[in-house]
Structures are given as structure tokens and as C-alpha cells.
Amino acid sequence: MATEKVTAATFNDVVLKSATPVLVDFWAEWCGPCKAVAPILEEISNEYAGKIKIVKLNTDEEGPIAMKYGISSIPTMNLFVGGQIVKSIVGARPKPAIVRELSEYLN
Amino acid sequence: MSVDYSKVHEVVIVGSGPAGYTAAIYTARAQLNPVIYEGSVTAGGALMNTTEVENFPGFEHGIMGPDLMDQMRKQVLSFGAELVTDDIVSMKLDSDIKELIDGAGNTIRAKSVILAMGSAYKELGLTNEKRLSGRGVSWCATCDGFFFREQVIAVAGGGDSAMEEANFLTKFATKVVIVHRREELRASKIMAERAKNNPKIEFLFNTQILDVLGEDKVTGLKLKNVKTGEESVKDFTGLFVAIGHLPRSELVKGQITMNNEGYVEVDGRSTRTNLRGVFACGDLVDHTYRQAITAAGSGCQAALDAERFLSGH
């Protein structure tokens, strides 16, 4: 499944109330490493469809949510399980490294 | 286009800053059909996280770092080189046919290899720096400056990168304090002057950062004046670390001769390493100049050295 965009209006339903773990990618248009990691997140989203959902939150458009979660570096990829952050990955990383970080939620 | 993993390639290039891309342009024009591993998240290299490049010849009005790298990349592709947006995760370089394994698990074989992995940001080495990374500690002003609007932040370092980051950050922050261990800046005159003339920038010289303070976000720094020994705590909500770079040579450690700091050693003015058919260029080798143009120049040298090596093979 391709990644989907999440906004303030959908954050509660799509992320906090999700039955499956959700990785939220906090990103912005002007951020080089965000662009670099984007295709990797698409691949992971497709390969692990059903196990994990990957959504993208544009920090330019959704400042208050980014602020609420104390985002001060992007990309930051926060993994939400049952509405709680269980893992935070800061900075672009190669695919195997991200998969390794998420491994306990991908099986 | 996809890479043929069954054959032995003439040359594989690892890395894609100005050095890797230039080596690619030259080897592609020499009909060596290079395969370039540009890195899965590091493609384009260090310049991808910079703003305006004012000193790369040929651009009267300067050019943005990412745009320059995009141009180089397109130039590489225009000569039919094969670009792979993946990393090399291991290399065996000591025999005539070199074997490299990529992130996807493919093994690629080649008669020659050009190493251009560049360098990575140096860290201060403080436990709390790691813990608060992404919580106020950052290595990328262009990525994260936006999150520090109307705040007072610190930049660690005294070189050109520190000056560039500090200047850029004044677009957002109310005040930027450059914290530098020494009495004088290492930065070039033009960059130092620009920072000194910026009313939002202040300097703390002879000052060492002992610790980064804060529970779940940065609230301040514990500092020490290296001259007087006096310790102090100052409030900051952000710390940008720009204290230099370390060569990305871990992958070839134990195979390639390098100096104490991990820079790959080359033979005289050439790009030849201690292993036959293995060449190194760019920031991986150069701890002195470390400019886009010198990296590009050494990438060109590596390509010519590889070409010469292959023709005598």
C-alpha cells in the first residue's frame, strides 16, 4: 500500500486510533534528506502492507502537530502503536536500517 | 536500465558527491561503462544539505548545492552511466576481480573500483548529544532551521560550515551564538566576516561544550572556558553541530591503508591506494582542502588513473 498523507483533521482516526502500527514521517518540501528517504518509505509501505501503515505529515502545513510532538529535526519517523510513540527514527537512513528499527512490528 | 550482475565490470564507483559524479563523467566518456552506487539516502553527498555555493567556477551568480549536484547527476546520465540509488555494504578489494555487495544483496564484480564515499558529520561525542538528537540537537541547518523560529540557539564549530549554518539560521532564530574551542576561527575570511557582521550572531571563543542539557528537549549547554577553566550554563533551545567531518572509510578498514584519522592514503599525487585497481578521491582522501572543486578534480584524477590501469590490464 502506498503511503498516505495525514493532516490535523485525519490524524486522530488514521494514526491514534489505528489497529495496526503507524509510522508517521514528518517531512517538508525543502528538506533534502526527507526527499532521499521518501522512496524508501514507499517501498517499505508496499512490502509490509497490512503489518504497518506509513503516513506522511507535512510539517509546513501541519505546524501544530509537529510542535505537539516536539519535532525539531526532519525527517523524523515516529512509530505509533495504540496511540503512543514507541519508536522515533531521526534522520534519513538506508532501507535495511529502517527495516531493522521496525523489525519487531513487521512480523 | 538495470545492472548486469553476471559480468565483470570495468569500473564501479562508490559514492556520489562531486568526486564520484566527476569520476563517473570521465569514465563514462572513456567508454568504461561505469556503475555508480550513489547511496540510498546520501546521493549527491554533502552539498545536498548546503544552500548557496558561491565558489564553484562557472556559476557567476552562485548555485544552490542540491541544484549543482542535480546538474552533475544529469551530466553523468547523459553519457549513459548506470546509476544505482543504493549503498555498498561490503567490499572485497584485494584480488584482481573486486567484489562488492549492495544494500539489496546483489554482488557486483569489477576490475577496478573508485572509492568516493566522502565524509560524515563529526559529533561532539557527548552522551546527551545523541539522546537529544532530533530534540534540539541537529547536524543540518537547512533541514531543521525552520523549527527554531524566534529562538536562541548555538552553533558549535569555527570553520566555514559553522559560519554558513550560523548565517542561515539567523533567518529563523532571534540570536545565534557560535561556540568555538579556540581563540580564532578556522573559517575563510569572507565567511568569518559575514558572520561577524551579522547583528544576530554572537561568538563565544575559547569555549568547550561539556554537556547538552534538557530532559526531552534541549534547554541549554554546560560550557567551559578553556583559558580560565570557568564553567557556566547558558540557555539555548537548539544546538547545531558543525565541528568538521570524518571520512566514511569504515567499509574498507583493514583492506586499504589509511592514516590515524581514517583518511585513505594514496600514492603521491595520484589516487592509487595500496591495492591494485583501487582508487580513492574526494573527502575520503583529502583532509586539507575539502572543497567541491577539489573533490571534483580528484574524481577526475581517479577516473584517469583507473582508465590508465585498465588499459594496461
B:V137 vs. criteria touching a strand residue (DSSP E or B) at 6+ places or on another chain (Cβ under 7 Å), of a type outside the set (F, W, Y), buried (at least 19 other Cβ atoms within 10 Å of the Cβ) and at the interface with another protein chain (Cβ under 10 Å from one of its Cβ atoms): yes
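Determine, yes or no, whether B:A154 is over 30 Å from B:F279 (Cα atoms), crowded, with 23+ Cβ neighbours inside 10 Å, more than 13 Å from chain A (Cβ to nearest Cβ) and among the hydrophobic types (A, V, I, L, M, F, W, C).
yes
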Long-range neighbours under 8 Å by Cβ, at least six apart or interchain, first residue farther than 18 Å from B:I13 by Cβ within segment B:95-124, second surrounded by fewer than 18 Cβ atoms within 10 Å (Cβ to Cβ) and among the hydrophobic types (A, V, I, L, M, F, W, C): B:A120/B:L246; B:Y121/B:L246; B:K122/B:L246
Of residues in segment B:170-197 being hydrophobic (A, V, I, L, M, F, W, C) and in contact with a Leu (Cβ under 9 Å, 6 or more places away or on another chain), the one farthest from B:T228 (Cα to Cα): B:M191
Pair list, Cβ under 6 Å, 6 or more apart: segment A:50-66 residue of a type outside the set (V, I, T), other residue in a helix (DSSP H, G or I): A:E62/A:A8
Candidate set from segment B:78-93 (those that are touching a strand residue (DSSP E or B) at 6+ places or on another chain (Cβ under 9 Å), farther than 25 Å from B:C140 by Cα and surrounded by fewer than 16 Cβ atoms within 10 Å (Cβ to Cβ)); member that is farthest from the other protein chains (Cβ to nearest Cβ): B:K92
Total residues in segment A:64-107, condition of a type outside the set (A, V, I, L, M) and assigned to a helix (DSSP H, G or I): 9
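So that you can scan it fast, the table gives a plain yes or no per residue for (1) more than 8 Å from chain B (Cβ to nearest Cβ); (2) farther than 28 Å from B:L47 by Cα; (3) surrounded by fewer than 19 Cβ atoms within 10 Å (Cβ to Cβ):
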{"position": "A:M1", "(1), (2), (3)": "yes, yes, yes"}
{"position": "A:V6", "(1), (2), (3)": "yes, yes, no"}
{"position": "A:A9", "(1), (2), (3)": "yes, yes, yes"}
{"position": "A:E42", "(1), (2), (3)": "yes, no, yes"}
{"position": "A:I54", "(1), (2), (3)": "yes, yes, no"}
{"position": "A:M77", "(1), (2), (3)": "yes, no, no"}
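Can we say B:S249 is in contact with a helix residue (DSSP H, G or I) (Cβ under 7 Å, 6 or more places away or on another chain) and either buried (at least 19 other Cβ atoms within 10 Å of the Cβ) or over 15 Å from B:V137 (Cβ atoms) (or both)?
Numbers: in contact with a helix residue (DSSP H, G or I) (Cβ under 7 Å, 6 or more places away or on another chain): yes; either buried (at least 19 other Cβ atoms within 10 Å of the Cβ) or over 15 Å from B:V137 (Cβ atoms) (or both): yes.
Spelling it out, B:S249 is indeed in contact with a helix residue (DSSP H, G or I) (Cβ under 7 Å, 6 or more places away or on another chain) and either buried (at least 19 other Cβ atoms within 10 Å of the Cβ) or over 15 Å from B:V137 (Cβ atoms) (or both).
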Matching entry among A:I40, A:I52, A:I74 (being under 27 Å from B:W139 (Cα atoms) and either out of contact with any Lys or Arg (no Cβ under 7 Å at 6 or more places or on another chain) or of a type in the set (S, T, N, Q) (or both)): A:I74
Subset of segment B:188-223 (residues that are among the aliphatic types (A, V, I, L, M), over 28 Å from B:R135 (Cβ atoms) and in contact (Cβ under 8 Å) with a residue 12 or more places away in the chain): B:M191, B:A192
Check on B:F168, within 14 Å of chain A (Cβ to nearest Cβ), surrounded by fewer than 22 Cβ atoms within 10 Å (Cβ to Cβ) and closer than 19 Å to B:A46 by Cα: yes
Single residue of segment A:1-28 satisfying the filter (free of Cβ contacts under 8 Å to residues at least 24 places away in the same chain and part of a helix (DSSP H, G or I)) that is nearest to A:G50 (Cα to Cα): A:D13
Flag if B:K74 is of a type in the set (K, R), away from every other protein chain (no Cβ under 11 Å), surrounded by fewer than 22 Cβ atoms within 10 Å (Cβ to Cβ) and under 18 Å from B:A23 (Cα atoms): yes
Boolean, A:V90 is more than 14 Å from chain B (Cβ to nearest Cβ), under 28 Å from B:R131 (Cβ atoms) and among the aliphatic types (A, V, I, L, M): no
Residue within segment B:58-66 that is over 22 Å from A:K35 (Cβ atoms), in a helix (DSSP H, G or I) and not β-branched (V, I, T) present: no
Residue tally, condition touching a strand residue (DSSP E or B) at 6+ places or on another chain (Cβ under 7 Å) and crowded, with 24+ Cβ neighbours inside 10 Å, over segment B:16-34: 6
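Values quoted throughout were computed directly from the atomic coordinates according to the rules given, and no laboratory measurement underlies them. What you are looking at is a predicted structure, and each value in this text was computed from that prediction instead of being measured. Ideal geometry is used to build each Cβ from the backbone, glycine not excepted, and the neighbour counts take in all protein chains shown.
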